[in-house]
Every structure is written in structure tokens, then in C-alpha cells.
Amino acid sequence: MLNTQMGNEVKLILVAIVCALLLIIGHVLLAKAFADMAWAEYTTAAIPFVMLAICGVAIKFAASQDIDS
């Protein structure tokens, strides 16, 4: 049982790390070097929606794990 809980916590920590990396990538893409490129604008605009989807999946995952235990 302890290994299962640890595995689930690691998965949620990885989700948090991915969200943090998306924030960092968004700030880098908004730098002056990339500001005039069209793909950078679309990519940075999509990041909040990707993070919202990731958070929704993480909440569903956490809720299902709470019901199981």
C-alpha cells in the first residue's frame, strides 16, 4: 500500500514540474528575441489552456485515488 501511495504522489509531483516548466518556457518565448515570431505568440497563448487541461486531469486523478483509499 505504501508503494502505491508513493507512486501516486510522484506522478502528481511530475505534473507540478511540467506546469512549472511550461511557465518557464512561456517566459522565455516572450523574450525580445522571440517576440516577433508568429509561432512564439501562438505557443505562449496556448500554454494556459494546456496547463488548465493538465490541472483538470490531475484533479480527476487525485479524486479517483481518494475514493480508492
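Numerical summary
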item: Gain on full stretching of the segment that runs from residue 47 to residue 67 - 0.36 nm per residue minus C-alpha separation; result: 4.2 nm
item: Convex hull volume per residue for the chain, taking Cα atoms only, in Å³; result: 63 Å³
item: Values of log10 I(q)/I(0), in the order q = 0.27 Å⁻¹, for segment 29-69 under a Debye, Cα-only, solvent-free model; result: -0.83
item: Calculated [θ] (222 nm, deg cm²/dmol) that DSSP helices of n ≥ 4 give over the chain, each run adding -39,500 (n - 2.57); result: -31000 deg cm²/dmol
item: Amide H partners (placed H, <5 Å) of residue 34, local residues excluded; result: none
item: Sequence of 57, 10, 15 from largest to smallest accessible area, 1.4 Å probe; result: 57, 10, 15
item: By accessible area with a 1.4 Å probe, ligands and nucleic acids excluded, highest first: order of 29, 52, 23; result: 52, 23, 29
item: Stretch gain in nm, segment residue 17-residue 54, where the contour uses 0.36 nm per residue and the Cα spacing is subtracted; result: 12.2 nm
item: Residue-normalised accessible area of the chain, given per residue in Å² at a 1.4 Å probe; result: 79 Å²
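The values are calculated or read from the model by the stated rules, or taken from the named source; none is laboratory data. Everything quoted here is computed from the prediction, not taken from an experiment. The accessibility values were calculated without ligands, DNA or RNA, using every heavy atom of the protein model including side chains. Shrake-Rupley method; radii C 1.70, N 1.55, O 1.52, S 1.80 Å.
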